[in-house]
Amino acid sequence: MAGGLLLPLLLAVPVDAALAAARPGLQDMLQGGPHSAPPPDSTERLAPLRRAAEAGDAMAQYRLGLALHVGAADRPADFAAAARWFRAAADGGVAPALTSLGVMQALGQGGPRDLAAAAELFRQAAEAGDLVALANLSVLRLLGHGLPADPARARADLIVAAEAGIANAAVMLGRIYRHGDGVPVDPAEARRWFDTARALGSPAADTELAEMLRDGEGQPADPAAAVRLFRRAADGGDRRAMNDLGRAFQFGDGVAVDPAAALHWYRRAATLGAVEAMTNLGYMHEYGVGVAEDPAQARSLYEAAARQDYAPAIYNLAVMHAQGHGMEPDLAAARALYRRAAELGDPGAHNNLGVLLLHGRGGPADRAAAVRHFRIAAEAGDANGQANYGLSLRDGRDRPADPAAAVDWLRRAAAQGQNDARHGLALMLAEGRGAPPDPAAAADLLRAAAEDGYEDSQFRLAVWLADGRYLPQDRQAAARWHRAAAAQGNVYAMMNLAIFAANGVTGPPDLAEAARWYERAAAAGNRDALFALASFHDAGMGMAVDKTRAAQLYRQAALAGQVQAMFNLGDLHRTGQGVPADAAEAWAWWRMAEVEGMLQAGRNRQLLEQAMPAAVQERAAQRYRDLRAEMDAARRQEGEDRQ
């Protein structure tokens, strides 16, 4: 039985956009500074405050800046005016105004993002006694944004601020221990700080505790109880809790699936400026989840979040450009967006940028840069990045191959259920590359990927079962897995099923069934299937003899480079079966096969040439040149299509 050829392992390219992760962005880590009373909520109520500010009252200037910064129902936010009043208040000695200016600089509100300038403003405000500014400065120091990273000092300053009653500092300390930022992960210590923040009235602390409860961090998971906490935090105005509630209703995590409720909570959070919610709402519009599919609206939402440098939204925009969803495909734009998201630390963007760099799509190829991006993604825990980095090490894409390291990275990706990695690792373990041979483990990996619907593994598992190389031979099971792969369009599986049917591998020989499988594979353009189907028509196997149809199929296969088809087509033209007898055409096709390495074709051509007049020989040579040009053009087009 012919096993066919395994299709090359393709690197992971996103199938769809990503939902935004729950971990907070910078906008949810910084606090704008305390004020003695909430700002006016309408333009009418703003008038007395404006008069006081214009008269030089520094606190009024600060509160006017706050009002203009957040906007109201009857007026949009005005970042430029807010910044002017914050600066006036700061000049009048109101330290929290410096803090608010720092937040605006850090988030790029009213101008380009400038984290170094934000850090300096927070430093000045902290030195003037504003503990909120100290907490904000510690956030930047923890992340290494605008000043050198120093987790230990950041933690120490956050403790000072938290113990002085700054709720956001206590929340940040909880996050440090929850995520292991410069310290070992410690769920109990995280909960202690979140409880401190709750006691200080922080809805964000409820959100963090709810996420820990939902995900079972340091305690049994309880999604239903988590939803109750999310509701409490959302009622307190926490936009991340609203986003989390949207996810809960979208996926039925602790509540029944309810797309309408998911949309409601995402919209509420997005209205409050939550970039995660904008991104998730965009996803629902892009793929028609609970709402009519609307790529234009999705793009608008992604772009709104991207303007705040939110990496998942930028990633999703890149996917839209790469796939041409709601627009013409633009791989150059996709590549630029993936690069931007990668610079913001998105592991998936590093992986997908690596794919485009490796294949030279959307710009010049750069294999070394591709592998660097795969490694960054891999070290960040991205399963696709781990798979692609492992495959790069296996194949020696930018350096000598390192099979042992390849196996290590493929194991990590396979442990996350990444099917490219399962498949690649299975082949390495079967062959003993990078690790001692382990056919049993290889078979388990291949079967896991096959059962997960991975086409290449379904085909390879079928081959192993058919030939009994790494598994006990089971041709009935082989046929089942071949059919599974064929259902996904695997032409090699179709070819093998044709061979099974023709040779009676799993039952009585059935040439008609074999012809049907060859027909399916031929429809996919496989040259060997075209040749096999032509042979069936030529010889009347499983069907009536049809030389005309045979000649048509031989020609398609020959132009795709199938050498035996060239030879047979030459014979049909020599004898005039299914096509007009034409010595020049026969000579040209035999010459084609000869150039491709078939000696018998060369002998036939020479014998035919001896009986050909000079004019026919000249026409034959021209036909050969025409056919060669036609085949070369077809091959170039095939290469472009693969790109």
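The values are calculated or read from the model by the stated rules, or taken from the named source; none is laboratory data. Values in this document were obtained by computation on a predicted structure and should not be read as measured data. Note: ideal-geometry Cβ built from the backbone for every residue, glycine included; neighbour counts use all protein chains shown. To get the accessible areas, we keep the full protein, side chains included, count just its heavy atoms, and leave off ligands, DNA and RNA. Shrake-Rupley method; radii C 1.70, N 1.55, O 1.52, S 1.80 Å.
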- prompt: Which ³J(HN,Hα) values in Hz, rounded to whole numbers, follow from the phi angles of the range 530-543 under the Karplus curve 6.51 cos²θ - 1.76 cosθ + 1.60, where θ = phi - 60° and Gly and Pro get x?
  reply: 4, 5, 4, 5, 4, 5, 5, 5, 5, 9, x, 8, x, 6
- request: Name the residues whose placed amide hydrogens come within less than 5 Å of the amide hydrogen of ALA72, ignoring near sequence neighbours (fewer than 5 apart) on the same chain.
  value: ALA77
task: Please give the contour-minus-distance gain from HIS264 to VAL185: 0.36 nm per residue of separation, less the Cα-Cα distance, rounded to one decimal in nm.
output: 25.0 nm
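Can you give the calculated 222 nm mean residue ellipticity of the chain, where each DSSP H run of n ≥ 4 adds -39,500 (n - 2.57) and the sum is split over every residue, rounded to the nearest 500 deg cm²/dmol? Write down the numbers at each step before the final one.
On the way: 33 runs with 442 residues, N = 643.
Value at 222 nm, helices only: -22000 deg cm²/dmol.
Grab the beta carbon distance between ALA256 and ARG480, set R0 = 35 Å, and tell me the FRET efficiency rounded to 0.05. Don't skip to the answer; put the middle values down first.
Values: r = 37 Å, r/R0 = 1.05.
So, using R0 = 35 Å, E works out to roughly 0.45.
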query: Which percent of Cα-Cα pairs in the chain sits in each 10 Å bin, short to long?
result: 3, 12, 17, 20, 16, 11, 8, 7, 4, 2, 0, 0
task: Starting from the coordinates of the alpha-carbon atoms of the range 466-586, obtain the Kirkwood hydrodynamic radius over all distinct pairs and give the value in Å to one decimal.
output: 15.0
field: Surface per residue (accessible, 1.4 Å probe) for the chain, Å²
entry: 43
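Ignoring ligands, DNA and RNA, what percent of the accessible area of the chain is carbon or sulfur (1.4 Å)? Walk me through the numbers on the way to the answer.
On the way: 14070 of 27430 Å².
C and S atoms contribute 51 percent here.
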task: Report, by chain and number, residues whose modeled amide H sits under 5 Å from the one on GLY432, excluding near sequence neighbours (fewer than 5 apart, same chain).
output: ASP438
field: Label-point separation, ARG51 to ALA404 (7 Å along Cα→Cβ), nm
entry: 8.2
query: In the chain, with Lys and Arg counted as +1 and Asp and Glu as -1 at Cβ, which of these residues, GLY129, MET495, TYR302, has the Cα nearest the positive end of the dipole, that is, farthest along it?
result: MET495
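So, counting K/R as plus one and D/E as minus one, what does the shell of residues with Cβ under 9 Å around TYR389 add up to?
Details: positive: ARG375; negative: GLU379.
Around TYR389, the charge tally is 0.
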task: Report the label-to-label distance for ARG228 and GLN622 in nanometres (one decimal), using points 7 Å from each Cα along the Cα→Cβ vector.
output: 9.0
field: Residues GLU431 and LEU272, FRET efficiency given R0 of 56 Å [Cβ-Cβ distance, rounded to 0.05]
entry: 0.50
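Quick one: which of 268-275, 178-185 comes out on top by average Cβ neighbours within 10 Å, and what's the full order, highest first? Spell out each step's value before the answer.
Values: 268-275: 21.0, 178-185: 14.0.
In descending order of packing, they fall as 268-275, 178-185.
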Efficiency of FRET between ASP452 and ILE159 - r from beta-carbon atoms, R0 45 angstrom, step 0.05: 0.45
- prompt: Say each of ALA581 and GLU127 gets a label point 7 Å from the Cα, pointing the same way as Cα to Cβ; how far apart are those two points in nm?
  reply: 10.3
- line: Computed about the Cα centre, the charge dipole of the range 163-246 from +1 Lys/Arg and -1 Asp/Glu charges at the Cβ has a magnitude in debye, to the nearest 20, of 220
- prompt: So, with +1 on the Cβ of K and R and -1 on the Cβ of D and E, and no other charges, what is the size of the charge dipole of the range 301-411 about its Cα centre, to the nearest 20 debye?
  reply: 220
